[in-house]
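Beneath this line is the structure, given in structure tokens, with notes to follow.
The values are calculated or read from the model by the stated rules, or taken from the named source; none is laboratory data. What you are looking at is a predicted structure, and each value in this text was computed from that prediction instead of being measured. Virtual Cβ from ideal backbone geometry, glycine too; neighbours counted across all protein chains shown. Heavy atoms of the whole protein, side chains included, go into the accessibility calculation; ligands, DNA and RNA do not. Shrake-Rupley method; radii C 1.70, N 1.55, O 1.52, S 1.80 Å.
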Amino acid sequence: VDHWDRRMCQKYLLYFMKDELLDELEMVPYADGKLSWMSPQPGGPHERYAEHLETLPPESPLFFGMHPNAEINFRTVQCDKVFDVLMLLMAGGGGSGEDSAVVSPMAVAEATCNEIIDEVNEKKFPTDDISRSMTEEEKGPYQFVFLQECECMNGLVAVMLGGLRELQLGFKGELTMSEAMETLADALWAEKLPAWWVKLGFPSTRPLKSWRVNLQDRCLQLDDWINDPLSIPKVVDLSRLFNPPSFLNAIKQICCQTQGLELDKLQVFTDVTTREAKAVDARSKDGAFCTGMFLEGARWDTVSKSLEDSKPKEMFVQMPVINCKAGLMTDKVDKNVYICPTYCVPTRRPFYVFPAQLRTKAPPDKWVLAGVAMILDVGTA
């Protein structure tokens, strides 16, 4: 249980635990007419309450304040789990040797192994050379963040290549297949991430093929920075960082240096622009322009510049470029602002990033009950 869980419980209590509950309170919060069911009128025999319960509509996410899309996501996760089990069962069955169309799991794993080696074989960022090329004065918070990102990528790629090259020798018969090599081969066949890649890599819920594409995208952003290490990209894609909070902390550190403020008294504020990343032609004068954030549970209306209800079957909505800047913490509550938690992946915890401030015309409590959050990597590649 964390702060966000306690906040949601508090909002449920504030909505239901009041005197109107005994006098026909709307039991479907913030449904805006999509579904309605009132609490029973007080007084009368037990039979009348039982009859009223018989009028209860079928179960729906709306009863919890959530959008109907939430059930789609729940069913999708269930289906994914069923198909994962089916894939494991298929791996246990042997294919017919006479059927040339059937490809064995080991053949699939070997082909995937060779492909990944070709993709990452030359991915190594010269962090030492870049660090030596800058003076101590030129090395600022942003430079340290991107140097750390390059080192994380180098470490991940080194482990990948070490295991894959060893497995490649095993496929050729030059090495005896160990238990670790067989586990790696099984993961490659099943389109799953090997355990060590997960441990050293970035938070992700993607299958292996999509993860490989995402890995290349992350390398492109690092290549962009290496070409001009004294600056940061005009728009930083937070979803392509190993450690997004470190970049947001760098924004606060820059604010400390320029304004002489204390770091522990600062927080990151978000200003949603109307531009896409490709339309940004200059770096932000205050903070940094960031992209790679998707809304789940609601959508962002670019006309009203505020949160609105999701469209049917639209699970995630990409946000425009957001200007992230640092400022002094405040206890002031703005009724037109929803404090939106941001996470790295759709499974959310434990990969929390930071709280964003999003404008809203509806009560912020509506979005709390709807479970609205921003996700960095939704795994749609």
For this session: Determine, at each q value in 0.09, 0.10 (inverse angstroms), the log₁₀ of I(q)/I(0) that the Debye formula gives when each Cα of the range 270-381 is one equal point scatterer.
Result: -0.23, -0.28
Exercise. Computed over the Cα atoms of the range 1-128, what is the convex hull's projected area averaged over all directions, in nm²?
Worked result: 17.9
Exercise. Hey, got the dipole for the range 215-354? About the Cα centre, +1 on K and R Cβ, -1 on D and E Cβ, debye to the nearest 20?
Worked result: 160
Seminar exercise, completed: Stretched fully, the stretch from residue 2 through residue 59 gains (0.36 nm per residue minus C-alpha distance, one decimal, in nm) 17.8 nm
Exercise. Per-residue ellipticity at 222 nm for the chain, helices alone: DSSP H runs ≥ 4 residues times -39500 (n - 2.57), over residue total, nearest 500 deg cm²/dmol?
Worked result: -13500 deg cm²/dmol
Exercise. Tell me, in nm to one decimal, what length is gained between residue 234 and residue 46 on full extension, where the rule is 0.36 nm per residue of separation less the Cα-Cα distance?
Worked result: 61.0 nm
Exercise. For the range 191-336, what does the equivalent ellipsoid look like in terms of its semi-axes, each the square root of 5 times an eigenvalue of the Cα gyration tensor, given largest first in whole Å?
Worked result: 27, 23, 16
For this session: Of the options 290, 214, 147, report the single residue whose Cα projects farthest towards the positive end of the charge dipole of the chain (beta-carbon charges: Lys, Arg +1; Asp, Glu -1).
Result: 290
For this session: Output the pairs from 81/199; 11/199; 252/366; 124/199; 192/366; 11/285 with a Cα-Cα distance over 26 Å in this structure; if there are none, say none.
Result: 11/199; 252/366; 192/366; 11/285
Exercise. Within the accessible area of the range 13-139, what % is carbon and sulfur when the probe is 1.4 Å and the other protein chains stay in place?
Worked result: 58
Exercise. In whole Å, what three semi-axes, largest first, describe the equivalent ellipsoid of the range 258-320 built from its Cα gyration tensor (square root of 5 times each eigenvalue)?
Worked result: 28, 16, 10
Exercise. Quick one: putting +1 on the C-beta of Lys and Arg, -1 on the C-beta of Asp and Glu, what dipole do you get for the chain around its Cα centre, in Debye to the nearest 20?
Worked result: 900
Seminar exercise, completed: Between the modelled labels at residue 209 and residue 77 (7 Å from Cα along Cα→Cβ) the distance in nm is 2.5
For this session: Could you work out the Kirkwood radius for the range 44-202, taking every pair of different alpha carbons, averaging 1/r and inverting it, reported in Å?
Result: 21.0
Problem set entry | Those residues of the range 241-284 whose amide nitrogen sits under 19 Å from the label point placed on residue 224, 7 Å along Cα→Cβ | 241-251, 271-284
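Taking only protein heavy atoms and a 1.4 Å probe, what accessible area per residue, in Å², does the chain have with all protein chains in place?
Using a 1.4 Å probe on heavy atoms only, each residue of the chain averages 56 Å².
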Seminar exercise, completed: Per principal axis, largest first, the Cα atoms of the range 105-191 extend in Å by 53, 24, 21
For this session: For the range 316-381, just the Cα set please: Rg and Dmax, both in angstrom.
Result: 12.8, 39
Exercise. Hey, in the GNM for the chain with a 10 angstrom Cα cutoff, which one of 192, 325, 285 fluctuates hardest?
Worked result: 285
Exercise. In nm, what is the difference between 0.36 nm times the number of residues separating residue 87 and residue 195 and their Cα-Cα distance?
Worked result: 37.0 nm
For this session: Distance between Cα centroids, the range 297-342 to the range 45-79: provide it in whole Å.
Result: 27
Seminar exercise, completed: Placing one equal point scatterer on each C-alpha of the chain and summing with Debye, one gets log10 I(q)/I(0) at q = 0.12, 0.14 Å⁻¹ equal to -1.04, -1.24
Problem set entry | Selected from 279, 326, 158 as most flexible by GNM, with the chain as the system and alpha-carbon contacts under 10 Å | 279
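Please report the projected area of the range 173-277's Cα convex hull averaged over all directions, in nm².
Dividing the Cα hull surface by four gives the mean projection, 10.7 nm².
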